[in-house]
Structure formats: structure tokens, C-alpha cells
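Structure first, then comments.
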Amino acid sequence: MAITIIVAILIRDICTAEGITASGPTPVLALCRALIAAGHDPATRMHVFRDGVLALRVRSIGAGARLTVRETTRDGRPRFAPWRGGGPARSRFPAPGGTRGSDRSGRGLWEGRVTAHRQADAVA
């Protein structure tokens, strides 16, 4: 049976699940990366709730970890794009089938600072 992580969006740019909080312009995608870094299976599904209403389903946190949102498109509409976080963390989120996705896309506006930390650290 597949495991599903339940996520709560606290405010527009902060969400939490499994004792981990992520914040930034794409907090759900940042949370996917943080959950994998904490040892969760990349195949785990995620259901995201805002004010008790299902707002988003993530097929796998591994897929979510490889994405960001690019807002610099020709038509001005935001689009999902490959995450270009760089460094050793990239190898933690391999593409399905062992192939790497293209990293040739331009870096989006929302690629800046995204923080993820354990809730206990936030309280201290």
C-alpha cells in the first residue's frame, strides 16, 4: 500500500508535514526536497490542504523535488520547470528510469532563497 503524506499550508508561502516546515515562493516543492533529505521515500505521494480543503496532489515527492515554478515565460503564465538547485543535492532526486532531465532551461525568478527546517528548531 502506498503511503501518502498529508501537508498543511499554513500561510501563502509556508507549509508543514512530518515535523518539517518549508517556506519560500514554492513551499510545497521545497517541502518535497526537504522530506527526501530527511529520508522519506521519493515514491511517496503527497496531499496538500489549505484551510481543510484538498488543494494539490503530488504524484511523488521525488517528482515534486525535481520541479520549480518559472514565471519568466513568453506569455507571462507560470510554468513548472526543472529545479536547478545545483550541488550534490541534485543527485538525491534522480529522474525516473535513471535518466536525468534536461537542465538547459533558464533559471526562474523563484529559484532564490528557499528555507526548510524542522519545526522544533523554529520554536527554539
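The values are calculated or read from the model by the stated rules, or taken from the named source; none is laboratory data. Keep in mind the model is a prediction, meaning the values are calculated, not measured. A quick note on method: Cβ atoms are made from the backbone with ideal geometry, for glycine too, and the neighbour counts reach across all protein chains shown.
Could you please find all residues in the range 9-38 being closer than 21 Å to Ala81 by Cβ, free of Cβ contacts under 8 Å to residues at least 40 places away in the same chain and of a type in the set (A, V, I, L, M, F, W, C)?
Across the range 9-38, the qualifying residues are Cys15, Val28, Cys32, Leu35.
Part of a loop (DSSP other than H, G, I, E, B) and hydrophobic (A, V, I, L, M, F, W, C) - does that describe any residue in the range 20-31?
Within the range 20-31 (the criterion being part of a loop (DSSP other than H, G, I, E, B) and hydrophobic (A, V, I, L, M, F, W, C)), the answer is no, since none of the residues qualifies.
Could you grab me the full set of residues in the range 64-74 that are of a type in the set (A, V, I, L, M, F, W, C) and surrounded by fewer than 19 Cβ atoms within 10 Å (Cβ to Cβ)?
Matches in the range 64-74: Val69 only.
Residues in the range 1-19 that are assigned to a loop (DSSP other than H, G, I, E, B) and surrounded by 14 or more Cβ atoms within 10 Å (Cβ to Cβ): how many?
Result for the range 1-19: 2.
Restricting the range 38-62 to residues that are among the small types (Gly, Ala, Ser) and out of contact with any strand residue (DSSP E or B) (no Cβ under 8 Å at 6 or more places or on another chain), which is surrounded by the most Cβ atoms within 10 Å (Cβ to Cβ)?
Gly62
Suppose we filter the range 1-54 for residues that are under 20 Å from Pro78 (Cα atoms) and small (Gly, Ala, Ser); how many remain?
Going through the range 1-54 one residue at a time, the tally reaches 3.
What single numbered condition from (1) modelled with pLDDT of 95 or more; (2) within 16 Å of Arg84 (Cα to Cα) fails to hold for Thr72?
Against the list (1) modelled with pLDDT of 95 or more; (2) within 16 Å of Arg84 (Cα to Cα), Thr72 comes up short only on (1).
If I filter the range 33-75 down to residues being part of a loop (DSSP other than H, G, I, E, B) and of a type in the set (Gly, Ala, Ser), which single residue comes out as nearest to the chain's Cα centre (by Cα)?
Filtering first and then ranking leaves Ser60.
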